[in-house]
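Below you'll find the structure, written out as structure tokens, and then a few comments.
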Amino acid sequence: MSAGKYSPTIQSAYKKDPNWFEKYVDPENPVYDKDGFDQYGYDRNGVDRAGHTEYDYQSAEIHNDGDGTLMLDVFMMFLNYTPIEGGE
């Protein structure tokens with residue numbers, strides 16, 4: 001698993017429904033979903049639901065020789081995350 005722009009906290013949600021973000025968008029601020037996260041899974045401070053930044057995933061991958069341990073751990077934590085149904 002390679003660190004990319006999308007947070008691993010929402011990868012499962014996108015696999016279940018590629019349009020979940022549009023269905024869960026905050027009508028008051030369409031850049032974010034109802035929980036305050038953008039379409040990539042990060043809040044206005046660049047932190048995802050697991051408390052990590054995109055840099056954290058990239059840095060962990062570099063320091064762990066590309067094994068993606070942090071990313072995989074977070075992905076597994078959020079494997080059943082369904083924003084539309086209200087969470088994990």
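Candidates in region 51-71 are the residues that are at pLDDT below 90 and in a loop (DSSP other than H, G, I, E, B); of these, the one that is nearest to the chain's Cα centre (by Cα) is Gly68. Considered as a group, the residues in region 22-41 that are touching a Phe, Trp or Tyr at 6+ places or on another chain (Cβ under 9 Å) and free of Cβ contacts under 8 Å to residues at least 24 places away in the same chain include one that is farthest from Tyr81 (Cα to Cα), and that residue is Asp26.
The requirement of being at pLDDT 90 or above, β-branched (Val, Ile, Thr) and in a helix (DSSP H, G or I) is fulfilled somewhere in region 72-82, by at least one residue. Here Asp43, Asp48, Asp33 are screened, and the one residue that is crowded, with 19+ Cβ neighbours inside 10 Å and at pLDDT 95 or above is Asp48. Taken over region 1-42, residues that are assigned to a helix (DSSP H, G or I), under 11 Å from the mean Cα position of the chain (by Cα) and among the hydrophobic types (A, V, I, L, M, F, W, C) amount to 1.
The values are calculated or read from the model by the stated rules, or taken from the named source; none is laboratory data. In this text, all values refer to a predicted model and were calculated from it rather than measured experimentally. Note: ideal-geometry Cβ built from the backbone for every residue, glycine included; neighbour counts use all protein chains shown.
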